[in-house]
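*Asks:* Right, I'll just put the structure down here and ask away after.
The values are calculated or read from the model by the stated rules, or taken from the named source; none is laboratory data. Note that this is a predicted model, so its numbers are computed, not measured. Each accessible area value is taken on the protein alone, full model and side chains, heavy atoms only, with ligands, DNA and RNA left out. Shrake-Rupley method; radii C 1.70, N 1.55, O 1.52, S 1.80 Å.
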Amino acid sequence: MDFKLFAFSPEVSRARQRHTPLVALESAVITHGLPPPENLRLARDMERTVAEHGATPATIAVLDGKIHVGLSQQQLERLAETRQARKVSVRDFGLAIAKKEMGGTTVAGTLLAAHRAGIRVFATGGIGGVHREPPFDVSADLPQLARTPMVVVCAGAKAILDLSATLEVLETLGVPVVGYQSDAFPAFYSPDSGLPVGVRADSPAEVVEIARAHWQLGLESALLVAVPPPAEVSLPAAEVETAIQQALEEAAARGIRGQAVTPFLLARVSELTHKASLEANLGLLRNNARVAARIAVEFVARQRPVV
Ligand code: PSU
Ligand code: MN
């Protein structure tokens, strides 16, 4: 591990020195998940939301041959404007750094960098998982969740996935799933996938208690905190499902493969739902930033480090 590969923003450096609450944020959602100009607006909104709830935001990205933890306004703009960025999962760091490429980090990539930087809480939209089509497409987010002791706040896995299979793999990998103020695993755009969570937690303090007990056993896996999307923006599952089916058929017909699958499906579902799914995506991302900040604050309030 070489810290020369990292660049911390002044705000993140200060928070690391003073042991004040930090929340990691991903950047693949900026470079690949959302269209401009919503991507930049959302990135700023999430940072502001984290700050308003008492934590320092640490958006993570690859720029100019380094892994940046905490970005300036100008760096955030560069990421949001370029359409050339690489989608950086765990396997992509070395090549993006060596080639001095711009990179938006996925959940897996952000987990790796944030944990190395000593951050314990991470807010995202939906994790990657087991795809319905094409077969054998399983996101690198899942194995990385299995080996990174962080709290990941999300609205479950993206609805374009096979949610049942995704939960099965999380079980195999030993990743606990906690429903935040809910007994159901959300379906990203809608609050209930019909699938259960392992346990319910109603407050940040309850989440922290579960995470600490999990890590005190020496376990290395993440704790997935699944937050239902806020009622104002959530969509009925059946409505989104029609759009997902059509997007999947189009992806198959056009032979979309590899890293391009997730961005293609998200963009098509957004178009087919007349941006209702985009609004839901933006709303749940902000909400997850708020919940993550409150959990990060609670971690620090409880002081004693466990990992
Ligand atoms: N959730 C969103 N938008 C996104 C993603 C998640 O609402 O763009 C990104 C995340 O960065 C996640 C990645 O890690 O998609 C998963 O991609 P893949 O299925 O190729 O692993
Ligand atoms: Mn994939």
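*Asks:* If you plug each phi of the range 242-249 into the Karplus form 6.51 cos²θ - 1.76 cosθ + 1.60 with θ = phi - 60°, what whole-Hz ³J(HN,Hα) values come out, in order, with x for Gly and Pro?
*Replies:* 4, 5, 4, 4, 5, 4, 4, 4
*Asks:* Around Val69, which amide H atoms from residues at least 5 apart in sequence, or from another chain, sit under 5 Å from its own amide H, with H modelled in the peptide plane?
*Replies:* Ala7, Phe8, Ser9
*Asks:* Please state the equivalent ellipsoid semi-axes for the range 35-94: what are the square roots of 5 times the Cα gyration tensor eigenvalues, largest first, in whole Å? Don't skip to the end; give the middle numbers.
*Replies:* Numbers: eigenvalues 85, 45, 19 Å².
Semi-axes from the Cα gyration tensor: 21, 15, 10 Å.
*Asks:* Let me ask something additional. Taking every DSSP beta bridge with both residues inside the range 6-302, roughly what % is antiparallel (nearest 5)? Please report the intermediate quantities before stating the final value.
*Replies:* Working: 11 of 38 bridges.
Around 30 percent antiparallel, to the nearest 5.
*Asks:* For the chain, I need the span (max minus min coordinate) of the C-alpha atoms along each principal axis, in Å, sorted largest to smallest.
*Replies:* Taking the Cα atoms of the chain, the three principal extents are 51, 43, 34 Å.
*Asks:* A follow-up question, please. Before anything else, pin down the relative contact order of the range 1-160: Cα pairs under 8 Å, at least 6 apart, normalised by residue count, whole percent.
*Replies:* Once divided by the residue count of the range 1-160, the mean separation gives 23 percent.
*Asks:* Now a separate question. Taking θ = phi - 60°, what integer Hz values does the Karplus form 6.51 cos²θ - 1.76 cosθ + 1.60 yield along the range 15-25, in sequence order, with x for Gly and Pro?
*Replies:* 3J(HN,Hα) across the range 15-25, in whole Hz: 5, 5, 5, 8, 6, 8, x, 10, 10, 7, 10.
*Asks:* Using the Cα atoms of the range 105-210, I'd like the radius of gyration and the largest Cα-Cα distance, Dmax, both in angstrom.
*Replies:* Values for the range 105-210 (Cα only, Rg and Dmax): 13.2, 40 Å.
*Asks:* Then there's this: If you average the alpha carbon positions of the range 1-24 and of the range 271-300, how far apart do those two centres end up, in angstrom?
*Replies:* 23 Å
*Asks:* Moving on to the next point. May I ask for log10 I(q)/I(0) of the range 197-307 at q = 0.12, 0.15, 0.24 Å⁻¹, from a Debye sum over the Cα atoms as equal point scatterers with solvent left out?
*Replies:* -0.62, -0.82, -1.23
*Asks:* Relative contact order of the chain: what whole-number percent is it, with Cα pairs under 8 angstrom and at least 6 residues apart?
*Replies:* In percent, rounded to a whole number, it is 20.
*Asks:* Over all directions, average the projected area of the Cα convex hull of the range 170-229 and note it in nm².
*Replies:* That works out to 4.0 nm², a quarter of the Cα hull's surface.
*Asks:* Counting only protein heavy atoms and using a 1.4 Å probe, what share of the accessible area of the range 36-186 belongs to carbon plus sulfur, as a whole percent?
*Replies:* Values: 2750 of 5490 Å².
Here it works out to 50 percent.
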